[in-house]
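**Q** I'd like to ask some things about the structure below.
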Amino acid sequence: MIKLKIISSGKAVTAEIDSGLSLLDILRSRGFDIYAPCGGKGTCGKCRVSVRGEGEVISCKYFPDRDIEIILPGEQEAKILVHQTDFLDDVPFRQRLPDNSSSKIYGVAIDIGTTTVIFYFLNLVTGQVERISSVLNPQAKYGADIISRINYCQENETGLAELRGSIVDAINRELKTFIRKKNVVQDLIEEVVVAGNTTMLHLLLGRDPVSIALAPFRPAFTEKQVCRGSATGLNINPDGKVITLPCQTAYVGADIFAGLAVLKPVSRNYLFLDIGTNGEMAIMKNGRMFTCATAAGPAFEGANISCGMAAVTGALSHFNGPDDYTVVGNSEPTGICGSGIIDIVAWLLKNRLIDETGLLKEPYSIGPDSKISVNQQDIREIQLAKSAICSGIRILMKVTESAFDEIDALYLAGGFGNYINIDSAIGIGLLPAEMRGKIFPVGNSAGIGALQYLKSDEIDKRISGLLENSEYIELSNYDEFMTEFAMNMDFPGK
């Protein structure tokens, strides 16, 4: 018998089961409602749960053979998975037939974020998502944001090689894990599709990114790049393809257009926002796309916050009060991630421990041993970051002569956007109060876009169409941006 410990909403239950059943079937037989819109066929990759020591697994493809501890998605995570189905397309699968004796060939979709790298492993014969995994981007040790990493390349003779080597090594480790678990050879991985911001794609391919940070901000490339596997250093079939998806400009990258390409046409006019170290945003109005980017800094990724950390085990991710908070991995808190700091600041503001100017008279401590705290500098970092995002939205609305009542939806993409409490984000002025009730997290749309690109030629056409029909707005060209930035530094009043 195999023993399972199942943690759901902070409560744990144990069960003993026989081997041979999928984890999805086991959980459903015990009354847990696991979202699996494909019916457990393995094609959607949405029935994800966390297994202690292994990370996220696709429950319909996971067959327990030992004692394990399972952490089920929280209510917010479950809603995001549903929203992905509501708002993100699942295009028809284009089957590839192997030209060798094997009956299996694989592709990998990768979203290289500044903080996190997410992998989707796809069976190119059956269309099944075989594995989803994520790792922290090891380039963070060279700088928390893209400008810091570009500066490292500029200031160090071997900087570009170091940054490229670190991300290639991280990807190869995940490829090795997949190859080992599936008991296959690397030649069966025939295609890799990569989304990411413009800087991340330059660093992956070993292209000098310095021009991205210098006026007139022209990257070495924005077009789709197609390379042989042997030319990239990735451990795949040497004759396989590595494709980086196209970008628009130095600061509006492939991650944005991959995400936009998989949005269902349920809204005529909408805002699309990916909040990270570089806040990228777009507005679709009357069939025309307008984009811009603003430097939010790394505060929302947990960097530059005194007790900040990434959204990994031990991170305080949601906060409703001193005795009511959520920690990733259901453990004791060891730090605060982006969604957690937004909740804390909103709570401090609501309870008048900070005022509209952001004044915090003394650090606020959290947790049983009070080792985690928020100080005045943390509040200032959040004010700077939220003002950058808020001001970018306001300028984009002004330039396109848009009113909020004309906008049908605001789609939040990316890891941070997925998990923030929308009421908290509105409460501190990060998101526009005018859009309350029309803000929808759509999950990792960039990764889903790369995955759908693997599945179908349709996404390539959609991305090309969007790029042809879009206009980039350079915020620094507008004097009003600095005025907006100064005005939006304060928190909203009553």
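**Q** Filter the DSSP H helices in the chain by two things, a Kyte-Doolittle mean of at least -0.5 and an axial alpha-carbon span of 30 angstrom or more, and list the hits by number. Write down the numbers at each step before the final one.
**A** Numbers: long enough: 159-182 (35 Å, -0.25); 376-399 (34 Å, 0.25).
Once both thresholds are applied, what remains is 159-182, 376-399.
**Q** In whole Å, what are the Cα extents of the chain along the three principal axes, biggest one first?
**A** Principal extents (Cα only, largest first): 65, 52, 48 Å.
**Q** Please compute the contact order of region 2-73 in relative form: average sequence separation of alpha-carbon pairs under 8 Å and at least six residues apart, divided by the residue count, as a percent. Numbers along the way, then the final one.
**A** Working: 127 pairs, mean separation 28.5, N = 72.
After rounding, I find 40 percent.
**Q** Fewest first, what order do Val168, Val242, Val13 take by the number of other Cβ atoms within 10 Å? List each step's numbers first, then the result.
**A** Numbers: Val168 18, Val242 24, Val13 12.
Exposure proxy ranking, most exposed first: Val13, Val168, Val242.
**Q** Only bridges whose two residues both fall in the chain count here: according to DSSP, what percent of them are antiparallel, nearest 5? Don't skip to the end; give the middle numbers.
**A** Working: 53 of 82 bridges.
Of the beta bridges lying entirely in the chain, close to 65 percent run antiparallel.
**Q** Using alpha-carbon pairs under 8 Å, 6+ residues apart, how would you state the relative contact order of the chain in percent? Display every interim value, and only then the final one.
**A** On the way: 1052 pairs, mean separation 70.4, N = 494.
Relative contact order of the chain: 14 percent.
**Q** Expressed in nm², what is the orientationally averaged projection area of the convex hull enclosing the Cα positions of region 127-218? Let's see the in-between values first.
**A** Numbers: hull surface 28.2 nm².
The directionally averaged projection comes out at 7.1 nm².
**Q** Determine which lysines satisfy two conditions relative to Lys371: a Cα distance under 21 Å, and not lying fewer than 8 residues away in the same chain.
**A** Lys361
**Q** Could you give the dipole magnitude of the chain about its Cα centre, charging the beta-carbon of Lys and Arg +1 and that of Asp and Glu -1, in debye to the nearest 20? Please report the intermediate quantities before stating the final value.
**A** Numbers: 47 positive and 59 negative charges, 214 e Å.
The calculated dipole for the chain is roughly 1020 debye.
**Q** If you take every DSSP beta bridge fully contained in region 106-254, what fraction is antiparallel? Give it as a percent rounded to 5. Provide the component values of the computation, followed by the final result.
**A** Numbers: 18 of 29 bridges.
Here the antiparallel bridges make up roughly 60 percent for region 106-254.
**Q** Please compute the length gained on full extension between Met1 and Lys350, using 0.36 nm multiplied by the number of residues separating them and subtracting their Cα-Cα distance.
**A** Values: separation 349, 0.36 × 349 = 125.64 nm, distance 5.08 nm.
Fully extending the segment from Met1 to Lys350 adds 120.6 nm.
**Q** Ranked by Cβ crowding within 10 angstrom, fewest neighbours first, how are Leu348, Leu23, Leu203 ordered? Present the calculation step by step, with values, prior to reporting the outcome.
**A** Details: Leu348 20, Leu23 24, Leu203 29.
Taking fewest neighbouring Cβ atoms as first place, the list is Leu348, Leu23, Leu203.
**Q** Oh, and also: Checking the cross-link filter: which aspartates and glutamates have an alpha carbon closer than 12 Å to that of Lys455, excluding same-chain neighbours under 8 positions apart?
**A** Output for Lys455: Asp89, Asp90, Glu191.
**Q** Please figure out what share of the DSSP beta bridges in region 2-73 is antiparallel and state it in percent, rounded to the nearest 5.
**A** Working: 13 of 17 bridges.
Counting only bridges with both partners in region 2-73, antiparallel ones make up about 75 percent.
**Q** Mean residue ellipticity at 222 nm from the helices of the chain, using -39,500 (n - 2.57) per DSSP H segment of n ≥ 4 over the full residue count, to the nearest 500 deg cm²/dmol? Working shown, then result.
**A** Details: 13 runs with 149 residues, N = 494.
Estimated from H runs of four or more residues: -9000 deg cm²/dmol.
**Q** While we're on this one: Where in region 347-377 are there trypsin sites (Lys or Arg not before Pro) that are in a DSSP coil and have at most 11 other Cβ atoms within 10 angstrom of their Cβ? List each step's numbers first, then the result.
**A** Numbers: sites: Lys350, Arg352, Lys361, Lys371; in loops: Arg352, Lys361, Lys371.
Sites meeting the loop and neighbour criteria: Arg352, Lys361.
**Q** Using Cβ counts within 10 Å as a stand-in for footprinting exposure, how do Arg66, Arg380 rank, fewest first?
**A** Final ranking by Cβ density, sparse to dense: Arg66, Arg380.
**Q** Name the aspartates and glutamates eligible as straight-distance cross-link partners of Lys285: C-alpha to C-alpha under 12 Å, and not fewer than 8 places from it in the same chain.
**A** Within the straight-line cut-off, Lys285 pairs with Glu401, Glu406, Asp408, Glu471.
**Q** From the convex hull of the Cα coordinates of region 185-292, what is the mean projected area in square nanometres? Could the numbers behind the result be given before it?
**A** Values: hull surface 32.2 nm².
That works out to 8.0 nm².
**Q** If we count every other residue with Cβ under 11 angstrom of Ala446's Cβ, Lys/Arg +1 and Asp/Glu -1, where does the sum land? Show your work: numbers first, answer last.
**A** On the way: positive: none; negative: Asp111, Asp255, Asp274, Glu280.
Here the charged neighbours net out to -4.
**Q** Under the 0.36 nm per residue contour assumption, what length would be gained going from the current alpha-carbon distance of Asp33 and Glu162 to full extension?
**A** Full extension from Asp33 to Glu162 adds 41.9 nm.
**Q** Another question, if that's okay. Where in the chain lies the longest segment free of GluC sites (Glu not before Pro) that are both loop residues by DSSP (not H, G, I, E, B) and have at most 16 other Cβ atoms within 10 Å?
**A** 224-355
Only the coordinates and a few stated rules stand behind these numbers; no lab work does. Computed from a predicted model, the values in this text were never measured in an experiment. As a convention, Cβ positions derive from the backbone with ideal geometry for all residues, glycine included, and neighbour counts pool all protein chains shown.
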